[in-house]
Amino acid sequence: MTDRRNTAVRLAVALVLTFPALWLGAANAKNDKLIMGSGGVTGVYYPVAIAICRLYNADRAPSEPECVVESTGGSIQNLKRMRKGSLDLAIVQSDWQFHAYNGSSRFRDIGPDLELRSVLSLYPESFTVLARSNSDIKSISDLPGHRVNIGNPGSGQRATMEVVMRAFGWTRFSFTGVREFDSKHQAQALCDGEVEAIVFVAGHPSGTIKAATAKCSTNLVDVEGAPIKDLIAQHPYYRRAVIPAGMYFGQSREVTTFGVGATLVANAKVPNQAIKTLVRSVLENLGLFKLMHPALKGLKASEMKMDGLSAPLHDAAQAYFQTTARNKE
């Protein structure tokens, strides 16, 4: 059965890659659609969400809803829209998943989202600072006094940058200029000289950073120091991270930073069968899934069931994990 399913998935994926319009249309709130929020089209969330939907759509029964992807402003927006019901699933940073479920930080005013459910842990994301080579920005502590893009409101990168700013005791007035470009515009703004540095929370390699490093002379900046060590020590969803040397054009050394995890979440009301099919289609075709984007190549099934998942598991995901565990005994 699994071999037949894998063959069917490969054929379906090949067809979808050739004719994407067969499956990816405008998102809507009909019952026959499973709407997944992602991020900007040049980021990693968007192609990863497409990969998940492709596997699910190839495996689903005709009676199950079709999965469609919507480009969004990022984690914060995704979590707020899920609460309102305009998204069924979303990819979000692990830190903002935690805050949404617990009603803390940016979600303090609206309280806990007790309908938020974890589905899968995906890949690590690094807080990344990219600066123009002709600036004197060599580490994150050099950012004050420069023009910086802090990310668009509603995005995870913006919210995490605000956490970093508080940790260092900075405000918007610490910079000579602040911009709020989204992921698809910030690379061009950096190369045009409108800003001297951009911040980004992303799995690597990132399309945005690839675009910037290919267009103009830039350098990745180390994100370290006592404030960063304190963030990692005080919060379970943060961890030390490294961007390997050679990841981007002109990057000759390893870059030290910190990071979070990209996680797939759902509303508790999403039907159990749809979540079961989604989890099964990804985990039983993990080798294929890992080939669908470079950020996925290091995935391990055992880690996808727990890492960075602070909201309770969706009932169907929990049942699937328990069943597969019993079958291995």
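The values are calculated or read from the model by the stated rules, or taken from the named source; none is laboratory data. All figures in this text were calculated on a predicted structure; none of them were measured in a lab. Note: ideal-geometry Cβ built from the backbone for every residue, glycine included; neighbour counts use all protein chains shown.
Selection within the range 80-118: residues that are of a type in the set (Lys, Arg) and not in a helix (DSSP H, G or I). The member of this set that is nearest to residue 233 (Cα to Cα) is 108. Of all residues in the range 278-300, those satisfying the criterion of being charged (D, E, K, R) and surrounded by fewer than 16 Cβ atoms within 10 Å (Cβ to Cβ) are 297, 300. Taking the criterion of being within 15 Å of the chain's Cα centre (by Cα), among the hydrophobic types (A, V, I, L, M, F, W, C) and either exposed (fewer than 14 other Cβ atoms within 10 Å of the Cβ) or part of a loop (DSSP other than H, G, I, E, B) (or both), would at least one residue in the range 250-267 satisfy it? No, the range 250-267 has no match at all.
Of the set (1) outside the structural domain of residue 51 (by TED's automatic domain parsing); (2) at pLDDT 95 or above, all apply to residue 118 but (1). Picking from residues in the range 121-176 that are free of Cβ contacts under 8 Å to residues at least 60 places away in the same chain and acidic (Asp, Glu), the one that is farthest from residue 241 (Cα to Cα) is 136.
Can you tell me which residue among 272, 219 is modelled with pLDDT of 90 or more and closer than 23 Å to residue 149 by Cβ? Within the list 272, 219, the selection yields 219.
For the range 166-205, residues that are surrounded by 20 or more Cβ atoms within 10 Å (Cβ to Cβ) and not aromatic (Phe, Trp, Tyr) total 14. Residues in the range 81-105 that are more than 17 Å from residue 316 (Cβ to Cβ) and surrounded by 21 or more Cβ atoms within 10 Å (Cβ to Cβ): 87, 91, 92, 93, 94, 95, 96, 97, 98, 99, 100, 101.
Against the list (1) of a type in the set (Gly, Ala, Ser); (2) within 16 Å of the chain's Cα centre (by Cα); (3) farther than 21 Å from residue 44 by Cα, the condition residue 316 fails is (2). Of the residues 143, 122, the single one that is of a type in the set (A, V, I, L, M) and over 23 Å from residue 225 (Cβ atoms) is 122.
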